[in-house]
Amino acid sequence: ASRPPAVLIIGSGISGIAAAQKLYTQGFRNLKVLEAKGRTGGRIWSQSYGKGFVELGAQWIHGPSRGNPIYQLALKYDLLDPEAMTMENQEVEVDGHLPLFHVSYGSSGKIVSRELVANITEQYSSWLEQSRNVSQNDCDPKASVGGFIQQKIVSKVMEWDSASKDMKLALFKGLLDLECCISGTHSMNYVALCPYGEYTMLPGLDCTFPGGFESVVNQLKSPLPNDTVLLNKTVKTVHWNGTFQGSDSQMYPVQVQCEDGETFEADHVIVTVSLGFLKEKASSFLSPALPPNKAQAIQNVGFGTNNKIILEFKEPFWDPDCKTIQLIWEGESPLLETKRNMKQDWVKKIPGFVVLERPERIGHMLCSFIAGDESEYMETLTDDEVLSSMTALLRQFTGNPELPAPIHMFRTKWHSEPYTHGSYSYIAVGASGDDIDILAQPLPNEGAKPLQVLFAGEATHRSFYSTTHGALLSGWREAERLIGRYQELDSLLNKSKL
Ligand code: 6YU
């Protein structure tokens, strides 16, 4: 009896594009994607540089193997280097264990013993694994992953001789700072212990896209007609549970109002904006406001900042086979909550560097990560300030006061990006996996006009939150929810015709 359903998707990150692609290929033709920025991809952002790409957002396919849909798409579209496609590569069981850094520098300018670093890294990895396997029966809901590791350190510290104790503590501190980057949080004391193991790690040795991570978004986008995605179209408010007349004179339950005054009427809206944006804007973004359990879940689930500082050098100062460089701040301890002088100490949060692949295309690049308050502080500094701090840092750790300064720098400001407002989500103390499921629930779930507002995005995937594959699956999930609904209606209609 009706017109084709009108569907709007807010956000053109991988979850929004995945939803659009699935709906389009299943025959939904009345479809628009509204994107605030002047580009698609969201937190997948490959900047072309030299003859290659520098990733400002997502970098690796985490766990490239059969169960990873990003990997499957990358294979389908032939987007990877040959070794990333081998079975051997896919079968590597990393299981969350941190790979050993290739070289570890202490802040006094000396290389730290490899044996000591290997011992502490192994000890740390086994405790982290234990934190993923805590028994749910006697897990204190207020416990954190950081607290769990700290307790383990305290239980061991008495056994350490005084000669190595300080270095061991400094090593643990650096590993926890690295974990903050991985979890996208200021402190591992903010990350809830009980649900920690729900995040699922897939096998496979993490790999990158030679043509940029965005190549997978572009492939997904390719079946969509050019006018499907509207760029620079910032959504201000989603009015739902109403009756709005469209330009075709038909009536719709939802109206989306953009910052530029334009309005769009729809039967369904899939919201894929980041949790950071929702935390900031939830109260005005939806009208009527979100139900209390959903508003609470937005507050409960954590969303923090992880930034990159990428430095290009004329010549590498690292060995040709070096892939990672660790920085160890001697005198730091995970057992002491030190009050930082941000201006001087922000760099102390940087756990090390990754040597970027394909130097023949992009030059000799080191990429560091920095999470939390120090990362957000870094965003307020000028490029010159960041570059001179990074140069001083490397001169100090390598013990070479003449080390040439980097010739180029990229750094991200994910916290200041108004349409992301941070990097990715984690389950904070006080939250649980149920909060993620609540975030994913559509509004309303039943009644005469169900599924007016649906929610996708990395923060809505219970076991793969914080990743591109989680985001992709969440977009497909919401598209399938709508497809299922219309299949149900069709079969009811056909039955009533019989
Ligand atoms: C991965 C990786 N990775 C590094 C860094 C970052 C992230 N991730 P989007 O935000 O993309 O899209 C929403 C769109 O909506 C966007 O375009 C907005 O502009 C738009 N929008 C917002 N408001 C709007 C409005 N009002 N109107 C209109 N439009 C609006 N993932 O797989 N591998 O190596 C990394 C990394 C620095 C910032 C990453 C990585 C995360 C992914 O990038 C991210 O999840 C998805 O791209 C999000 O897509 P989306 O569609 O949901 O949103 C145990 C334990 C574990 C915990 N975690 C372990 C995993 C660690 C995660 N990995 C991090 C590492 C790196 C380096």
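The values are calculated or read from the model by the stated rules, or taken from the named source; none is laboratory data. Just so it is clear, the structure is predicted and the values come from calculations on it, not from any experiment. No Cβ is skipped: glycine too gets one built from the backbone with ideal geometry, and neighbour counts run over all protein chains shown.
Quick notes
- Options Ser48, Ser107; residue that is farther than 25 Å from Leu178 by Cα and of a type in the set (S, T, N, Q): Ser48
- Top-ranked residue in segment 441-470 [being under 23 Å from Val254 (Cβ atoms) and within 12 Å of the ligand (Cβ to nearest atom); ranked as surrounded by the fewest Cβ atoms within 10 Å (Cβ to Cβ)]: Phe455
- Meets criteria (among the aliphatic types (A, V, I, L, M), assigned to a helix (DSSP H, G or I) and closer than 30 Å to Gly363 by Cα) for Leu393: yes
- Here Asp138 meets each of (1) among the charged types (D, E, K, R); (2) assigned to a loop (DSSP other than H, G, I, E, B); (3) modelled with pLDDT of 95 or more with one exception, condition (3).
- Within segment 230-245, the set of residues being within 10 Å of the ligand (Cβ to nearest atom) and either surrounded by fewer than 20 Cβ atoms within 10 Å (Cβ to Cβ) or at positive phi (or both) comprises Leu230, Leu231, Asn232, Thr234, Lys236, Thr237.
- Residue that is farthest from Leu220 (Cα to Cα), among those in segment 11-36 that are within 18 Å of the chain's Cα centre (by Cα) and not hydroxyl-bearing (Ser, Thr, Tyr): Gly11
- Conditions (1) assigned to a loop (DSSP other than H, G, I, E, B); (2) among the hydroxyl-bearing types (Ser, Thr, Tyr); (3) crowded, with 17+ Cβ neighbours inside 10 Å: number failed by Thr121: (1)
- Any pair with Cβ under 8 angstrom, 6 or more apart, that starts in segment 438-456 at a residue that is within 18 Å of Ala20 (Cβ to Cβ) and assigned to a loop (DSSP other than H, G, I, E, B) and ends at one that is of a type in the set (Ser, Thr, Tyr) and within 16 Å of the ligand (Cβ to nearest atom): Ala456/Ser15; Ala456/Thr272; Ala456/Ser474
- Scanning segment 247-257 for residues that are surrounded by fewer than 20 Cβ atoms within 10 Å (Cβ to Cβ) and among the β-branched types (Val, Ile, Thr) turns up nothing.
- Looking only at segment 157-166, and only at residues there that are surrounded by 13 or more Cβ atoms within 10 Å (Cβ to Cβ) and without any contact (Cβ under 8 Å) to a residue 40 or more places away in the chain, the one that is nearest to Arg114 (Cα to Cα): Lys165
- Condition check for Ser104: crowded, with 24+ Cβ neighbours inside 10 Å, modelled with pLDDT of 95 or more and more than 29 Å from Leu278 (Cα to Cα): yes
- Of all residues in segment 392-402, at least one satisfies being over 24 Å from the mean Cα position of the chain (by Cα), under 30 Å from Val54 (Cβ atoms) and of a type in the set (Phe, Trp, Tyr).
- Restricting attention to segment 165-193, the residues that are away from the ligand (no atom under 13 Å from the Cβ) and assigned to a loop (DSSP other than H, G, I, E, B) add up to 2.
- Verdict on Pro82 being surrounded by fewer than 23 Cβ atoms within 10 Å (Cβ to Cβ) and more than 17 Å from the chain's Cα centre (by Cα): yes
- Cβ separations smaller than 7 Å between residues 6+ apart or across chains give the following pairs from segment 119-148 residues that are over 10 Å from Leu193 (Cα atoms) to residues that are of a type outside the set (Val, Ile, Thr) and not in a loop (DSSP other than H, G, I, E, B): Ile120/Lys168; Ile120/Leu171; Ile120/Phe172; Thr121/Leu175; Tyr124/Phe172; Tyr124/Leu175; Trp127/Lys152.
- Residue-level check: of (1) under 24 Å from Ala371 (Cα atoms); (2) of a type in the set (A, V, I, L, M, F, W, C); (3) in contact with a Gly (Cβ under 9 Å, 6 or more places away or on another chain), Val134 misses just (1).
- Any chance Ile436 is farther than 21 Å from Phe369 by Cα and in contact with a Lys or Arg (Cβ under 6 Å, 6 or more places away or on another chain): yes
- Qualifying position, being free of Cβ contacts under 8 Å to residues at least 12 places away in the same chain, farther than 18 Å from Lys279 by Cα and surrounded by fewer than 20 Cβ atoms within 10 Å (Cβ to Cβ), among Thr398, Thr380, Thr391: Thr380
- Residues located in segment 194-213, provided they are within 16 Å of the chain's Cα centre (by Cα) and away from the ligand (no atom under 11 Å from the Cβ): none
- Applying the criterion of at least 2 residues that are farther than 30 Å from Gly211 by Cβ and within 26 Å of the chain's Cα centre (by Cα) to the strands (runs of 3 or more DSSP E) found wholly in segment 288-368 leaves 324-328.
- Some residue of segment 116-126 being among the β-branched types (Val, Ile, Thr) and modelled with pLDDT under 95: no
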